[in-house]
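Chemist: Take this structure first; my questions come after.
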Amino acid sequence: QVRLVESGGGLVQAGGSLRLSCATSGNPFTINTVRWYRQAPEKQRESVADITSRGTADYAESVRGRFTISRDNAVNTVTVYLQMNSLKPEDTAVYYCNADVVRDGIWGNYWGQGTQVTVSS
């Protein structure tokens, strides 16, 4: 069973920083693209950033220049980070990790349980 576990959320003042982590388990498997999404109350879930297996990153316009996604590829496990700087109250949301995984030759898409980020003004 592939599992994604997010951590690092919390309460921070505007202008502050947080680093989210997404740890994978359930080897052996191959982690391809990993994405961070967020969902604020009464809003649709939106893509924040993604990173391919080769390390190519892309960002939503609303976070470009403030957030940095990175990944640490180890044997049979991958950890993806989201460094969030210059946080704004509008960044408040539950942040979810999402990954494309190939396990036993079968492609699947998996979600973590989410971690709450709250930015106070």
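Read-outs: derived from the displayed coordinates by stated rules, not from any lab. Since we're looking at a predicted model, the values are computed, not measured. Backbone-built Cβ (ideal geometry, glycine too); neighbour counts: all protein chains shown.
Chemist: Which whole-number percent is the relative contact order of the chain (Cα, under 8 Å, 6+ apart)? Provide the component values of the computation, followed by the final result.
Modeler: On the way: 309 pairs, mean separation 43.5, N = 121.
About 36 percent, as a whole number.
Chemist: Using the per-residue mean of other Cβ atoms lying within 10 Å as a proxy for protection, in what order, highest first, do the peptides 33-42, 64-73 fall? Numbers along the way, then the final one.
Modeler: Values: 33-42: 17.2, 64-73: 14.9.
The packing order, highest mean first, is 33-42, 64-73.
Chemist: May I ask you to derive the FRET efficiency for T56 and V102 from their Cβ-Cβ distance with R0 = 25 Å, giving the value to the nearest 0.05? Provide the component values of the computation, followed by the final result.
Modeler: On the way: r = 18 Å, r/R0 = 0.72.
According to the calculation, E is roughly 0.90.
Chemist: In sequence order, what are the phi-derived ³J(HN,Hα) couplings for the stretch 79-88 according to the Karplus relation 6.51 cos²θ - 1.76 cosθ + 1.60 with θ = phi - 60°, rounded to whole Hz, with x for glycine and proline?
Modeler: Going residue by residue, I get 10, 10, 10, 10, 7, 10, 10, 6, 5, 10 Hz, with x marking Gly and Pro.
Chemist: Check V48: other-chain or 5+ apart residues with amide H under 5 Å from its amide H, H built from backbone geometry?
Modeler: So V48 has HN proximity to W36, Y37, R38.
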